[in-house]
Every structure is written in structure tokens, then in C-alpha cells.
Amino acid sequence: MKRNTWNPQYHVLRQALKQMRLDAELTQAQLAVRLGKPQSFVAKYENGDRNLDFLEVLDVCRACHRSPQDILRCLEPQSSPANVLCRES
């Protein structure tokens, strides 16, 4: 089954992960070092060129010192606009 990187929920996930990184005051390069990956890894998932699997999302959350629940809240249809992590950037 082909994955659709332009599914609206993937967009929300990408934006929430990027906001999580920014809130942690990390550059893409700094986050990549924490993940043991090249900077292009972070750039590609933030730009939608690749999707992260579930375990990779958990790794990003840990690297930003955030809870995976923060990301899951953003994917809920009734996500609160007051949730800063879920805002559009």
C-alpha cells in the first residue's frame, strides 16, 4: 500500500514535529545530531519528502524532551487551537 505524504494528517504531523523542534530551540542540524542522523533526515521529514515511522516519531519526541502524547493530541480531530504545538507555522 502506497503512503500518501500529502495526506492532511501527515501535514499536521510534520508541522507539529517542526514546532516541537523550534520550541526546544534546536536547529535541524542540532536535532539530527541528537538522533544520530544527517541534517537532511530532519529536513526531508519536515518538508514532506519522507514520512517517519512510529518509532522514529518517538525518537524525535525524546530528542526534543517532549511526550509523544503532545504529538498525538495534534492528530486528534478535535485538537484545540490553543495547543501551541499544533499551530500552523
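A short reminder: the numbers here are calculations on the coordinates, not readings from a lab. Just so it is clear, the model here is predicted, and its values are computed rather than measured. Glycine also receives a Cβ, built like all others from the backbone with ideal geometry; neighbour counts cover every protein chain displayed.
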Karplus-derived 3J(HN,Hα), 6.51/-1.76/1.60, for each residue of region 41-57, Hz, glycine and proline x = 4, 5, 4, 5, 6, 5, 8, x, 6, 8, 9, 8, 7, 4, 5, 5, 4
query = If region 8-75 were replaced by its equivalent ellipsoid, with semi-axes equal to the square roots of 5 times the Cα gyration tensor eigenvalues, what would those be, largest first, whole Å?
reply = 16, 14, 11
Length-normalised contact order of region 8-75 in % [C-alpha pairs under 8 Å, at least 6 apart] = 42
task = Could you sort 8-21, 64-77, 33-46 so that the peptide with the highest average Cβ count within 10 Å comes first and the rest follow in order?
result = 8-21, 33-46, 64-77
